[in-house]
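I have placed the structure first, in the form of structure tokens, so that the comments after it can refer back to it.
The values are calculated or read from the model by the stated rules, or taken from the named source; none is laboratory data. Nothing here was measured: the structure is a model prediction, and the numbers come from that model. Quick reminder, even Gly has a Cβ in these numbers, built from the backbone with ideal geometry, and neighbours come from all protein chains shown. These accessible areas exclude ligands, DNA and RNA; they are computed on the full protein's heavy atoms, side chains included. Shrake-Rupley method; radii C 1.70, N 1.55, O 1.52, S 1.80 Å.
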Amino acid sequence: MCGIVGFVGKKAAAPILLDGLSKLEYRGYDSAGLAVRDDNNNIEVVKAKGRLKVLFEKTNGGESLPGCVGIGHTRWATHGEPSETNAHPHVSGNSVDDSDVIGVHNGIIENYQELREKLIRHKYTFYSQTDTEIAVKLVDYYLKKYNVGPIDAIAKAMVRIRGSYALALMFKDYPGEIFVARKESPMIIGVEGGETYIASDVPAILKYCRSVYYIDNLEMARIKAGNVEFYNLDGDIVEKEVTEIEWDVEAAEKNGYEHFTMKEIHEQPKAVRDTLNSLVKDGRIDLSGIGLTKDVVNSFSQIQIVACGSAWHVGMAAQYVFEDLARIPVRVELASEFRYRRPILNPDTLVIVISQSGETADTLAALREAKSRGIKTLAIVNVVGSSIAREADFVLYTLAGPEIAVATTKAYSAQLIATYVLAIEFARVAGRLTEDGAKELIDDIYTIPDKIEKILDDKDRIQWFASKYSNAKDVFFVGRGIDYAISLEASLKLKELSYIHSEAYAAGELKHGSISLVEDGTLVIGLLTQDELFEKTVSNMVECKARGAYLMGLTSYGHYEVEDNVDFTVYIPKVNPHFQASLAVVPLQLFAYYITVAKGYDVDKPRNLAKSVTVE
Ligand code: AGP
């Protein structure tokens, strides 16, 4: 949940590091810092609390830090409050001048207390509250205790550390070099034009480099200008294949939109179309490319979907689609619950993990829990080469492109499409859908991008309605079946972007307690896309209206009778009811976005959040 960058080359390092950090701010943004080594081998460290622009101004865009070797960090605080002292880089002494090791870290050192006590016994003192300072000092301790080089010292520290880390370290006696180590937290290393780049994620170096290496767990690397050597924990050289990044730079930029969030809401038609096209050939589903042959699909008798946040909401919607079309039992679990509950998994279960980043710690742990029991795993992920992608038995990539805004939109929509296609294939293979029946559903899914475009064309009306609710204190989203799953996602969008409290409720559940929260003027938004549940949900909404609620109904064109009961209606195009989440979510993403912009909040980087939760 922090962003790391590094550079060794011929150009000035600081501007490149700052530019890279600006592409990683979505990973954390409460403080930032740089350490740059000049040609006289002096290392200077500059840190700043607040957004990256504070550091940018403090270093005059990096010009005040000459040198061609450096590391940088943007922080999402885990240990120690956001402050300049706690900002990275951290040093092995009390300041950079009396230090032999300087480093940045993404992750959590779980046994930091015991390590801190150990180092105190060896006369180390600490200036910060961070676990990172402990890790840097631990490397320094082994460097001196065993009088070894950086790789050996780091390896000894790695054996001792429990937790997760991506570390980038500079050593006073090793000019022109950076050393990195990784366990769980993501890190890539790019080599191009005689220069070498380090980053937590692709967008940070895409402008400079497309040839990247993925460092694996418990591996280290020694980085020089235009060269990288990988080592395992025994200090043996590890050979690695280079990967060419296909993304285009524009895809990682705003392209004229005011915010990444709005850009990515508008990229949903393309994300849906591209994901669908990757799974359907000549109108027929073809999953052979990911290994889900007919026999493999037939070998599963139940499905367990495991994810976090919005990805879990995708699972909640997918459950209805899978069970209705394929008549296969589907259970949906929060990854943070699944991994600790000693789940009961029959051998013929397929565990599907869904993750945009492919780095979410709880989801990765859940994947490993399933694999440790010999259960087959399928990952639906958006980031190529991510940890979850590399560890699952089967990988289905969503083609949403880089999603920069912290609140997911296009990746969520692409994930929905992936689950629809899987459900149709499972139903077809099980004989519950004929070839023609499957094709008919696929053809209907192909109408979704244009229908999303139609919704986006009408966004001004949503903006008008949202402006009336920027001061709301509580908002309820209610629905039944798939409409309940949509409510979950709509409520999270509103909460995480606008900081307005919201509840998503199964409409039939309201009267069992929470309806007591409804007061005069409470906004209740009813999802009404499932025809056979329409009347039931309207009744639940009217119960709220009787207690003072203001009702907004979201339903398909044609259901005009809804206006007899609600105060404001949003209509969306019709699609097969199994797929309505893909359309209904769009106005509600816009609703959350416009309220947030009206409140003047940073819609792309909401407070307290980070794009990828790579810690527990
Ligand atoms: C989505 O808007 C949230 N930012 C968050 O809930 C996210 O969906 C969750 O952290 C899972 O992330 P992942 O898809 O990268 O695993």
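Surface listing: W312, W464 arranged by accessible area from highest to lowest gives W464, W312, probe 1.4 Å. Highest mean first, the peptides 400-410, 341-351 sorted by other C-beta atoms within 10 Å per residue fall in the order 400-410, 341-351. Taking the average, over residues, of other Cβ atoms within 10 Å as the packing measure, peptides 162-175, 539-552, 417-430 rank 417-430, 162-175, 539-552 from highest down. Rolling a 1.4 angstrom probe over the range 53-97 with all protein chains present gives an accessible area of which 51% lies on carbon and sulfur atoms.
With contacts taken as Cα pairs under 8 Å at a separation of at least 6 residues, the chain carries a relative contact order of 11 percent. For V330, neighbours were defined as the other residues whose beta-carbon sits under 11 Å from its Cβ, and their charges (Lys and Arg +1, Asp and Glu -1) total -1. Its Cα centre serving as origin, the range 120-195 has a Cβ charge dipole (Lys and Arg +1, Asp and Glu -1) of approximately 600 debye. Both radii were evaluated on the Cα set of the range 139-192; the Rg over Rh quotient, with Rh as the Kirkwood radius, amounts to 0.98. Converting the Cα gyration tensor eigenvalues of the range 152-310 into ellipsoid dimensions via √(5λ) gives semi-axes, longest first, of 36, 24, 16 Å.
Approximating the spin labels as points 7 Å out from Cα along Cα→Cβ, the E561-to-S95 distance works out to 7.8 nm. The residues L143, L528, sorted by heavy-atom accessible surface at 1.4 Å with ligands and nucleic acids left out, run L143, L528 from largest to smallest.
Kirkwood Rh and Cα-based Rg: tell me the resulting Rg over Rh for the range 321-455, rounded to two decimals.
Radius of gyration over Kirkwood radius for the range 321-455 works out to 0.98.
Give, to the nearest whole percent, the P(r) tail of the chain beyond 30 angstrom, counting all Cα pairs. In whole percent, the long-distance tail amounts to 55. Value of Rg to Rh for the range 465-616, rounded to two decimals, is 0.97; Kirkwood radius and Rg both from alpha-carbon coordinates.
Spatial offset of the range 130-144 relative to the range 171-217 amounts to 21 Å, using the alpha carbon center of each.
Accessible area per residue for the chain, computed on protein heavy atoms with a 1.4 Å probe, is 37 Å². Once each part is reduced to its C-alpha centroid, what is the distance from the range 272-350 to the range 441-458 in angstrom? Taking the Cα centre of each part, the range 272-350 and the range 441-458 sit 23 Å apart. For S502, nonlocal amide neighbours, meaning residues 5 or more places apart or on other chains whose placed amide H falls under 5 Å from its own, are V475. Stokes-Einstein diffusion of the range 278-387 at 10 °C, 1.306 mPa s viscosity, Kirkwood radius from Cα pairs, rounded to a whole number: 111 µm²/s. Counting only protein heavy atoms and a probe of 1.4 Å, the accessible surface of the range 512-553 is 50% carbon and sulfur. Working note: Cα gyration tensor of the range 9-124, eigenvalues times five, square-rooted, sorted largest first, giving semi-axes of 24, 18, 11 Å. In order along the range 339-347, the Karplus-derived 3J(HN,Hα) couplings, from 6.51 cos²θ - 1.76 cosθ + 1.60 at θ = phi - 60°, round to 5, 10, 9, 6, x, 8, 10, 5, x Hz, and Gly and Pro are given as x.
Heavy-atom surface analysis with a 1.4 Å probe gives the range 398-493 a carbon and sulfur content of 46 percent of its accessible area.
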